[in-house]
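Report on the structure given below.
The values are calculated or read from the model by the stated rules, or taken from the named source; none is laboratory data. These figures come from a predicted structure and were not determined experimentally. For neighbour counting, all protein chains shown are included, and Cβ atoms are generated from backbone atoms with ideal geometry for every residue, glycine included. Heads up: the accessible areas ignore ligands, DNA and RNA and are worked out on the full protein's heavy atoms, side chains in. Shrake-Rupley method; radii C 1.70, N 1.55, O 1.52, S 1.80 Å.
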Amino acid sequence: MTAAGLGLPGLDFAVLDAYWPVILAGLWTTVRLCGASILLGLAVGLGVELLRARVRRAAPLCRVYVEFFRGSPILIQLFLLYYAGPGIGITLDPEAAGVVGLGLYGGAYFAEIFRSGFEAIPRGQLEAAACLGMPPLRALLRIELPQMAALVLPPAVNQSIILIKDSAVLSIITVPELTKQTSRIINETFTIAEPLLVLAALYWLLVTGLSAAGAALEARLTRHLNPSRKTS
Amino acid sequence: MSKKAASLPPIIEIRKLRKRFGGTEVLRGIDLRVYPSEVVCLIGPSGSGKSTLLRCINVLETYDEGEVRVNGELMGYEEVFGRDRRRASPARLRESRRDLGMVFQQFNLWPHMSAQDNVTEALVSVRGKSRAQAEALGTAMLEKVGLADKLDSYPANLSGGQQQRVAIARALAMEPSIMLFDEPTSALDPELVGDVLEVMRSLAAEGMTMVVVTHEMGFAAEVADRVYFLEGGQVVEEGPPAELFNAPKSPRLGAFLSGWNRRNA
């Protein structure tokens with residue numbers, strides 16, 4: 001056993017030298033698909049919550065959606081979409097299936113996060129808007145959404161982090177993302193620890209980057225709540 | 001009835017108003033009239049229905065029976081000839097609130113907007129004024145309530161009294177002919193009450209029609225043209241403050257006033 005590479009005893013990262021292009025390609029695929037899934041999830045989640053809260057007839061359907069996607073494992077949902085989907089006329093390539101699957105799964109959680117955000121805005125603010133003659137759509141855009149966005153940022157970042165880590169399951173529907181590529185390397189090189197450690201480190205980097213971006217955005221969106229800030 | 005009531009028809013007319021929350025009837029047949037430029041104070045113990053009554057005027061609460069008319073227009077319902085009235089559409093409701101300004105106990109400012117933006121938001125989005133027009137009017141309104149130096153401050157950086165004055169400026173900017181106040185000083189520290197009452201006093205002096213739910217008996221005695229004493233969802237006694245406060249006819253008003261005097265002695 002040699003203590004080479006990063007100098008950790010018993011580990012030899014030199015075996016990965018030939019595989020960095022593969023690893024980076026996998027990382028890029030993970031970034032792309034996670035970005036798309038999170039955006040889809042946010043859009044679906046917001047749409048579902050707005051429908052649930054504002055269109056009485058749509059509310060039961062929205063609840064079924066949330067219950068289904070929150071109540072079953074992402075693995076099963078992906079299998080259903082990718083392998084059983086063609087049977088009912090839904091044929092998606094692996095990447096598209098991955099984005100749709102993760103997006104719908106995340107959307108259920110985002111919908112609940114948005115619900116708590118909307119409900120945290122004091123009703124009186126909307127009564128004030130109503131008394132001034134503001135139509136509901138205008139109040140939504142100017143009063144509810146900006147405050148809701150600031151309120152839900154921490155849990156939404158949290159949920160996005162979970163989605164990034166859950167994207168590892170896309171490997172089972174053959175998407176060549178980070179985890180899939182890493183298991184290929186394990187199979188080809190018969191080394192286990194080194195590829196897995198690199199894999200974990202790369203996920204950690206992604207998650208840390210996202211959470212730093214979230215913290216910066218939160219500071220920006222909540223400036224007005226800081227009583228010490230002088231504005232004039 | 002006050003001197004102002006002599007010639008003009010009432011600007012607010014409420015008849016046989018009833019309102020239930022679930023199984024509890026909180027308004028049990030209220031009659032109330034407010035004449036142009038009058039200041040009417042609603043007083044009474046908590047749970048007497050005075051805030052609900054005020055909120056029925058601009059239909060923040062939908063009433064069940066009776067009627068509320070503002071400038072002759074039925075509030076909250078549309079009259080259908082030969083049939084039962086039906087609930088007013090949201091657009092109709094917004095239109096019928098045009099003459100009414102509202103000030104809340106909890107201010108209800110929008111915390112993510114500066115004082116200036118709180119005041120100008122509806123001027124732009126509802127009244128369709130240009131940004132520049134709205135800002136000029138907003139600045140004038142904030143000056144009027146003594147906050148010319150707080151245009152860019154966010155609500156979190158303002159005291160309760162300042163926040164309530166921004167809320168008053170926000171309502172005034174829409175140029176209502178009637179201002180409704182729902183316990184405007186109840187959420188304030190005692191030393192901040194004075195500034196808000198001062199603004200209300202000057203509004204009254206300008207001839208603004210005002211309906212004020214209040215626990216400030218001093219303000220009611222000094223500024224009100226008439227006072228309504230409510231208890232248990234009914235008007236127990238009504239008249240000029242000098243009569244009500246100095247010679248209450250009903251024992252319940254007498255008990256209410258002596259309780260208030262004891263607490264504020």
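Among the residues making up region B:85-107, those that are more than 7 Å from chain A (Cβ to nearest Cβ), assigned to a loop (DSSP other than H, G, I, E, B) and in contact (Cβ under 8 Å) with a residue 40 or more places away in the chain are B:Asp99, B:Gln105, B:Phe107. Applying the criterion of being assigned to a helix (DSSP H, G or I), of a type in the set (A, V, I, L, M) and open to solvent by 50 Å² or more (accessible area, probe 1.4 Å) to the residues of region A:146-192, the residue that is farthest from B:Pro111 (Cα to Cα) is A:Ile172.
For every residue, the table says whether it meets (1) surrounded by 23 or more Cβ atoms within 10 Å (Cβ to Cβ); (2) closer than 29 Å to B:Glu135 by Cβ.
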{"position": "B:Ile168", "(1), (2)": "yes, yes"}
{"position": "B:Ser186", "(1), (2)": "no, no"}
{"position": "B:Glu198", "(1), (2)": "no, yes"}
{"position": "B:Ala255", "(1), (2)": "no, no"}
{"position": "B:Asn264", "(1), (2)": "no, no"}
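Do we have B:Phe81 as in a loop (DSSP other than H, G, I, E, B) and either among the small types (Gly, Ala, Ser) or away from every other protein chain (no Cβ under 12 Å) (or both) here? Step through it out loud before you land on a result.
Numbers: in a loop (DSSP other than H, G, I, E, B): yes; either among the small types (Gly, Ala, Ser) or away from every other protein chain (no Cβ under 12 Å) (or both): yes.
So B:Phe81 passes the test.
When you check B:Ala173 against the structure, is it within 14 Å of another protein chain (Cβ to nearest Cβ), open to solvent by less than 20 Å² (accessible area, probe 1.4 Å), closer than 23 Å to B:Asp117 by Cβ and not β-branched (Val, Ile, Thr), yes or no? Yes; evaluated as a whole, the condition is true for this residue.
As a summary of the residue check, B:Ser153 satisfies the conditions (1) in a helix (DSSP H, G or I); (2) more than 20 Å from B:Pro184 (Cα to Cα); (3) of a type in the set (S, T, N, Q) except for the one numbered (1). Tell me the residue from A:Ala130, A:Ala139 that is within 14 Å of chain B (Cβ to nearest Cβ), of a type outside the set (Phe, Trp, Tyr), more than 29 Å from A:Ile76 (Cβ to Cβ) and touching a Lys or Arg at 6+ places or on another chain (Cβ under 9 Å), please. None of the other options fit; the residue is A:Ala130.
Residue by residue, here is whether (1) in a strand (DSSP E or B); (2) more than 17 Å from B:Gly101 (Cβ to Cβ); (3) touching a residue at least 60 places away in the same chain (Cβ under 8 Å); (4) among the small types (Gly, Ala, Ser) holds:
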| position | (1), (2), (3), (4) |
| --- | --- |
| B:Ser7 | no, yes, no, yes |
| B:Arg15 | yes, yes, no, no |
| B:Glu25 | yes, yes, yes, no |
| B:Arg28 | yes, yes, yes, no |
| B:Asp31 | yes, yes, yes, no |
| B:Leu42 | yes, no, yes, no |
| B:Ser46 | no, yes, no, yes |
| B:Leu54 | no, no, yes, no |
| B:Arg69 | yes, yes, no, no |
